[in-house]
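J.: One structure follows; several queries about it will come next.
The values are calculated or read from the model by the stated rules, or taken from the named source; none is laboratory data. Just so it is clear, the structure is predicted and the values come from calculations on it, not from any experiment. So basically every Cβ, Gly included, is an ideal-geometry build from the backbone, and we count neighbours across all protein chains shown. For accessibility, only protein heavy atoms count, side chains too; no ligands or nucleic acids. Shrake-Rupley method; radii C 1.70, N 1.55, O 1.52, S 1.80 Å.
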Amino acid sequence: MSILKKWITNGTDRPFYVRKEIVLEELPKQAWAWVCGLGQFNFYINGEKVSDHVLDPAWTDYHKLVYYVKFNIARYLRKGKNVLAAEVGNGWYAADASEGYFFHFPPFMPPNPNGYKPFDRELVFAAHVELTGTDGKYTVVDADETWMTAPHMICHSNCFGSETVDGRKRIPGWNDPKTPMGDLWKPALPAANGEKLSGLSQEQAMPSVGILKNLEGVYMKTVNGMAVYDFGQNVSGMLEFDVKGKAGEPVHVYPAEKLAKDGSVDQMAKNWILIDVKETYIPGADEKWEHFAMTFTYFGGRYAAFDCPVERLKNIRLHVVSSALEKAGTFYCDDKRFMDIYSLVENAVEANMVSVHTDCPTIERFAWQEENHLMAPAIMYMKQVKPHWEKFLKDTRLAQHTADDWFYTMDGGKYYPGDGLIPSQAPCYIPNVLPVPGLGDFYNVIGWGSSIILGTYWHYMFYGDVQIIRDNYEAGKRYLNFLKTMVNEDGFINNGLGDWGNPAGEYARENVETAFLFADAKVMAMFASVLHYEKDEEEFKAYMGQVCDNYNGKLLVKHPESGKYCYRVWEKKDGVAVTQAAQAMPLYWGMVPEDKEADVAESFRRILLKDGSLKTGEVGQPYIIQTMCKYGMNDLLCSMILKKEHPSYYAFVLAGETTLGEYWEDNPRSHCHDMMGHIGEWYYNGLAGIRPLTPGFGKVLVKPYLPESVDHLQCTYYSAKGPIHVSMDREKDGIKLDVQAGDGIDIT
């Protein structure tokens with residue numbers, strides 16, 4: 001049962017302050033507080049913010065799960081009067097779309113009859129405080145109607161990054177015991193949904209969002225009356241600045257990922273949609289320095305334009321926020337090009353790990369699922385994310401559909417997705433359940449839904465914790481049973497997005513999506529073996545064989561020119577069309593018959609040489625990179641990622657980007673996606689050559705590779721079993737290799 005007994009509100013869906021005065025005759029021996037404010041909150045005691053968290057609590061489907069945060073509050077308390085206080089903002093719980101950008105589907109897509117719906121009509125707060133005296137006796141303080149509320153000076157907070165602060169509504173000392181409460185303060189009201197929220201509440205185990213670093217704004221120029229500042233890096237950030245103006249006359253700030261040719265900020269996402277996010281501060285007094293700080297949201301970007309003279313601005317800072325605060329690995333080599341690419345990936349990961357694993361900080365900010373397995377190894381090498389993936393997978397389990405779940409169709413009817421389906425987003429705030437003509441289904445996509453199985457697999461391989469399999473086994477089994485209903489008469493799945501993002505539009509849906517069907521069955525058989533479910537293991541292996549036999553029987557052919565076996569693209573009926581992903585995925589997952597493996601690997605190499613670049617989308621890319629590494633094509637891979645033109649990682653660097661773009665192109669729709677950052681995995685298991693042979697890195701293969709342009713390389717990965725260090729130096733008589741590992745790690 002939840003420790004939060006009662007929820008309170010000010011009765012509106014606008015941000016509010018809440019406070020409670022308590023008197024302590026002595027300081028407690030121990031003091032803990034369990035706190036939640038929905039959508040986002042900050043907690044204070046005696047005017048001091050408790051913890052360095054921002055944007056608590058983590059985003060969830062609030063119909064099914066609500067997180068509260070536990071704080072150790074002993075050091076904040078004093079003898080005599082104390083004030084417990086919080087500020088509560090909208091977030092996704094009751095999103096405010098009245099100002100600034102809020103996601104909507106572009107005109108070329110069908111209208112969405114299932115748009116965002118607030119989880120509640122009022123923002124809410126709950127707290128439970130336990131104080132233990134030196135005599136061992138407890139004092140308990142719960143949120144109730146004796147707490148007082150007042151309207152916040154933030155009168156608008158948008159979950160996509162806009163925020164409006166009205167300095168005329170500032171309440172000085174609102175959280176300070178020295179400040180008496182005025183007429184603005186009213187007794188809190190009981191929340192209408194309080195009993196339900198208490199039943200859904202759990203303590204948040206995933207690390208809270210925090211501040212990675214602070215960036216100072218550097219003035220560039222004034223364009224059309226707008227003072228443009230550069231923070232030097234594309235980030236997810238919370239803006240703070242001081243401004244002097246006239247009372248009641250708003251100052252607007254427009255963030256952006258890029259600049260137009262004239263140096264002004266450009267908020268247009270590649271002619272696709274205008275990301276008109278803006279921060280607004282309304283001064284409360286004439287010609288006095290006043291402070292603005294984003295509180296309940298963050299924006300994505302590198303630049304900011306102020307419609308205010310430079311001399312009226314100072315102390316412009318951007319707080320870079322992320323959930324991925326702790327490094328798991330470090331990598332260095334003396335070829336700056338490789339390091340610039342590594343930085344692109346790491347920066348993009350940090351910017352998109354904010355409570356959920358987002359696709360981008362700007363346009364959608366949604367928890368798309370595919371990267372929770374496709375990018376999992378890259379991120380797990382870079383960052384300590386064990387509890388993050390446990391939270392992501394819990395979100396995914398909660399999002400799994402039952403037979404009774406339904407959505408509206410275009411004509412107002414009901415559409416039932418199907419029992420066991422894993423939606424492509426979790427949590428999903430704006431479901432798009434209708435297939436887009438010519439593109440596929442964005443809601444029921446095997447490469448996305450498979451995160452419940454393959455995301456679990458990567459967590460197990462990196463951390464060796466069997467509990468993750470236990471937690472997700474039944475959901476994975478249900479999902480695989482659902483997938484069986486999606487198989488067409490040819491034995492393929494082909495309703496989704498295939499190799500999404502492929503620059504040539506070579507999606508190869510049947511090839512790609514059915515390879516995932518095989519992979520899901522194969523991994524579920526492994527899980528069944530780990531849990532000693534012999535009957536399930538036999539059934540999964542039998543189905544795996546069935547899928548593989550059909551796949552090879554219909555797709556594996558001799559190429560008419562080379563005479564080598566290859567996998568043809570099913571949808572291309574004229575001739576034998578091959579793609580990089582169509583060869584790499586069956587090689588990676590072990591679908592290729594042993595006597596034809598060499599042929600398919602050679603066909604894979606031929607198409608790579610023919611294309612001359614990574615001609616791949618985000619779905620096929622990790623398998624292409626890893627398969628190139630496995631079959632001795634690291635030199636070729638190096639030449640491709642260092643190309644000066646797209647598709648290429650280094651092309652992003654040459655274009656001045658500090659994070660990865662969404663697609664292989666200049667000026668992509670989004671300039672901060674981590675969805676193609678799979679090369680980060682190769683830095684650790686290809687260049688440094690650190691590969692787990694057993695779950696949790698108890699037994700490790702170290703097989704490094706030193707590119708011709710590199711003379712020195714060093715890498716450390718802090719595995720679940722301890723650190724693994726690899727360094728290489730090119731010397732006159734060869735390459736010097738040094739490998740060190742913690743006790744209990746068996747290096748091969």
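J.: What is the ratio of the Cα radius of gyration of the stretch 309-358 to 2.2 N^0.38 Å, where N is its residue count, to two decimals?
T.: With N residues counted in the stretch 309-358, Rg over 2.2 N^0.38 Å equals 1.61.
J.: Return a whole-number percent for the relative contact order of the chain, with Cα pairs under 8 Å and 6 or more residues apart as the contact set.
T.: 11
J.: Mind checking the alpha-carbon convex hull of the chain and giving the volume per residue in Å³?
T.: Output value, Cα hull per residue: 186 Å³.
J.: A further question on this structure: Determine which lysines satisfy two conditions relative to Lys414: a Cα distance under 19 Å, and not lying fewer than 8 residues away in the same chain.
T.: Lys117
J.: Check which residues have an amide H placed less than 5 Å from Val209's amide H, if you skip close sequence neighbours.
T.: Close amide H contacts, sequence-distant or interchain: Val54.
J.: Right, next: Among the listed pairs Lys6/Lys49; Lys6/Lys394; Lys29/Lys213; Lys20/Lys137; Lys258/Lys615; Lys64/Lys258, which have their C-alpha atoms separated by more than 31 angstrom in this model?
T.: Correct reply: Lys29/Lys213; Lys64/Lys258.
J.: Okay, moving on. Dipole magnitude of the stretch 165-257 about its Cα centre, charges +1 at Lys/Arg Cβ and -1 at Asp/Glu Cβ only, in debye to the nearest 20?
T.: 300
J.: Got a sec? Charge dipole of the stretch 24-90, +1 on Cβ for Lys and Arg, -1 for Asp and Glu; which of Val88, Tyr62, Gln30 is way out at the positive end?
T.: My answer, from the dipole projection, is Gln30.
J.: Using packing as a proxy for protection, rank 515-526, 438-449, 411-422 so that the peptide with the highest average count of other Cβ atoms within 10 Å comes first.
T.: 515-526, 438-449, 411-422
J.: In addition: How large, in Å, is the stretch 133-238 by the Kirkwood hydrodynamic radius built from its alpha-carbon pairs?
T.: So the Kirkwood estimate lands at 19.4 Å.
J.: Something else: Taking the dipole about the Cα centre of the chain, with the C-beta of Lys and Arg at +1 and of Asp and Glu at -1, give me whichever of Tyr588, Phe231, Val349 is farthest to the positive side.
T.: Among Tyr588, Phe231, Val349, the one farthest towards the positive end of the dipole of the chain is Phe231.
J.: Relative to the present Cα-Cα distance, how much length would full extension add between Asn550 and Phe105 at 0.36 nm per residue of separation?
T.: My answer for the length gained is 156.4 nm.
J.: Which angle between 0 and 90 degrees, to the nearest 10, do you get for helix 509-530 versus the longest principal axis of the chain when only C-alpha atoms count?
T.: Helix 509-530 and the main axis of the chain meet at about 80 degrees.
J.: In debye, nearest 20, what is the charge dipole magnitude of the chain about its Cα centre with +1 on Lys and Arg Cβ and -1 on Asp and Glu Cβ, if you could check?
T.: 840
J.: Using the Kirkwood formula over every pair of different C-alpha atoms, what hydrodynamic radius in Å results for the stretch 650-743?
T.: 15.3
J.: Still on this model: Using a 1.4 Å probe on the protein chains only, how many percent of the accessible area of the stretch 372-521 belongs to carbon and sulfur?
T.: 49
J.: Which order do the peptides 627-636, 504-513 come out in when sorted by mean C-beta neighbours inside 10 angstrom, highest first?
T.: Top of the packing list down: 504-513, 627-636.
J.: Evaluate the distance, in nm, between pseudo-label points positioned 7 Å from the Cα of Gln740 and of Glu203 along their respective Cα→Cβ axes.
T.: 3.7
J.: Which residue, chosen from Phe697, Ala150, Phe482, occupies the Cα position most advanced towards the positive end of the dipole of the chain, where the dipole is computed from +1 (Lys, Arg) and -1 (Asp, Glu) charges on Cβ about the Cα centre?
T.: Ala150
J.: I would also like to ask the following. Report relative contact order for the stretch 418-547 in percent, whole number only (criteria: Cα-Cα under 8 Å, sequence separation at least 6).
T.: Reported relative contact order: 23 percent.
J.: Helix 621-630 sits at what angle to the longest principal axis of the chain, using alpha carbons and giving 0 to 90 degrees rounded to 10?
T.: Helix 621-630 sits roughly 50 degrees off the main axis of the chain.
J.: Continuing with this model, one more query. As a test of understanding, state the convex hull volume per residue of the stretch 498-645 from its alpha carbons, in Å³.
T.: 114
J.: For a quick protection proxy, order the peptides 474-484, 53-63, 669-679 by their average other-Cβ count within 10 Å, most packed first.
T.: Highest mean packing first, the order is 669-679, 53-63, 474-484.
J.: Based only on Cα atoms, what mean projected area does the convex hull of the stretch 243-399 have, in nm²?
T.: For the Cα atoms of the stretch 243-399, the hull's average projected area reads 12.7 nm².
J.: For the stretch 1-96, what is the largest minus smallest coordinate of the Cα atoms on each principal axis, given in angstrom and ordered from greatest to least?
T.: Extents along the principal axes: 41, 26, 25 Å.
J.: Give the average over all directions of the projected area of the C-alpha convex hull of the stretch 126-166, one decimal, in nm².
T.: Result: a mean projected hull area of 5.0 nm².
J.: About its Cα centre, what dipole magnitude does the stretch 348-425 give when the only charges are +1 on Lys and Arg Cβ and -1 on Asp and Glu Cβ, stated in debye to the nearest 20?
T.: The dipole of the stretch 348-425 has a size of about 320 debye.
J.: Using modelled amide H (1.01 Å from N, peptide plane; none on Pro or chain starts), what sits under 5 Å from the amide H of Ala741, excluding residues fewer than 5 places away?
T.: His725
J.: Quick one: angle between helix 580-589 and the longest Cα principal axis of the chain, in degrees between 0 and 90, rounded to 10, please.
T.: Rounded to the nearest ten degrees, it is 90.
J.: Calculate for the chain the 222 nm mean residue ellipticity that helices alone would give, adding -39,500 (n - 2.57) per DSSP H run of length 4 or more and normalising by residue count, nearest 500 deg cm²/dmol.
T.: -7000 deg cm²/dmol, from helical runs alone.
J.: What is the extension gain from Arg317 to Gln714, computed as 0.36 nm multiplied by their sequence separation minus the C-alpha to C-alpha distance, in nm to one decimal?
T.: Gain in length upon complete extension: 139.6 nm.
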